[in-house]
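Student: The structure that follows is given in the form of structure tokens.
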Amino acid sequence: MNIARSTGRIPANWLILLAALAAGLGLWLGANLRPSAPPSLLPPLQAGVAFPQAREVPAFELDRADGGKLTLADWRGRWSLVFFGYTNCPDVCPTTLASFGQAWKKLDPASRDKLRFDFISVDPARDTPGQIARYVKHFGADFVGASGSEEQLAALTRALGVMYARQDGSDGAYAVDHSASVLIIDPDAREVGLLRPPFDAAQIAADLQTLARSR
């Protein structure tokens, strides 16, 4: 009587099949179980940088140049472009506001309704409400100017990651070093990115148009 005995070996063709199945399973798992990249907080922008995570903005209150108050509620419902500077700035501030003013004129009314530009002075000792009002209106009729006490400004800029520092001169005059980027606040009043210099009016207009159409 012939009795079949198991040798404990798997035929070569079965080994090849098992290897192929294992490789296929590995590829499937890699494609389906790999953590996906988080969605961008911003649509694609030419001069924009999106943050990895949105930064919540705490409640604040500043004095607007027109006599009202600027609060967190003003940054809800529209895309807000926020720039910190001062009216005696010799170069960065006028260049930035001029570029955004030119870009603003290129936008259609519907797009402008979905955007706002706020200039916040970090030089409250010299920048009076009247001076700020005249300064911002020179660049854009829709632009909003505001400032506050040193304590209010320090709290807000710290929360937003903005840097500024007073540099005293030998003759008693002083300048203020400050961040040159324009912050992007989304319609939910969260800081989600920034626009970086150098600013080209046509490029900025295209980016603002993209933001306006994204929501």
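Rule-based calculations on the coordinates, nothing more; no lab input. Values in this document were obtained by computation on a predicted structure and should not be read as measured data. Cβ atoms come from the backbone with ideal geometry, glycine included; neighbour counts cover every protein chain shown.
Student: Right, residue 203: part of a helix (DSSP H, G or I), in contact with a helix residue (DSSP H, G or I) (Cβ under 7 Å, 6 or more places away or on another chain) and polar (S, T, N, Q) or not? I'd like the intermediate steps shown before the answer.
Tutor: On the way: part of a helix (DSSP H, G or I): yes; in contact with a helix residue (DSSP H, G or I) (Cβ under 7 Å, 6 or more places away or on another chain): no; polar (S, T, N, Q): yes.
For residue 203, the condition - part of a helix (DSSP H, G or I), in contact with a helix residue (DSSP H, G or I) (Cβ under 7 Å, 6 or more places away or on another chain) and polar (S, T, N, Q) - is not met.
Student: For the stretch 50-85, which positions are touching a Cys at 6+ places or on another chain (Cβ under 6 Å) and surrounded by fewer than 16 Cβ atoms within 10 Å (Cβ to Cβ)?
Tutor: Filtering the stretch 50-85 for residues touching a Cys at 6+ places or on another chain (Cβ under 6 Å) gives 85.
Of everything in the stretch 50-85, nothing turns out to be touching a Cys at 6+ places or on another chain (Cβ under 6 Å) and surrounded by fewer than 16 Cβ atoms within 10 Å (Cβ to Cβ).
Student: Would you point out the residue of the stretch 127-165, among those that are without any contact (Cβ under 8 Å) to a residue 40 or more places away in the chain and part of a loop (DSSP other than H, G, I, E, B), that is farthest from residue 51 (Cα to Cα)?
Tutor: 128
Student: If only one of 103, 110 is in a helix (DSSP H, G or I), surrounded by fewer than 16 Cβ atoms within 10 Å (Cβ to Cβ) and touching a helix residue (DSSP H, G or I) at 6+ places or on another chain (Cβ under 8 Å), which one is it? Please lay out each step first, then the result.
Tutor: Numbers: 103 fails: surrounded by fewer than 16 Cβ atoms within 10 Å (Cβ to Cβ).
Residue meeting the stated conditions: 110.
Student: Could you please let me know if residue 182 is closer than 14 Å to residue 86 by Cβ and crowded, with 22+ Cβ neighbours inside 10 Å? Before you say what the answer is, go through the steps one by one.
Tutor: Working: closer than 14 Å to residue 86 by Cβ: no; crowded, with 22+ Cβ neighbours inside 10 Å: yes.
No; evaluated as a whole, the condition is false for this residue.
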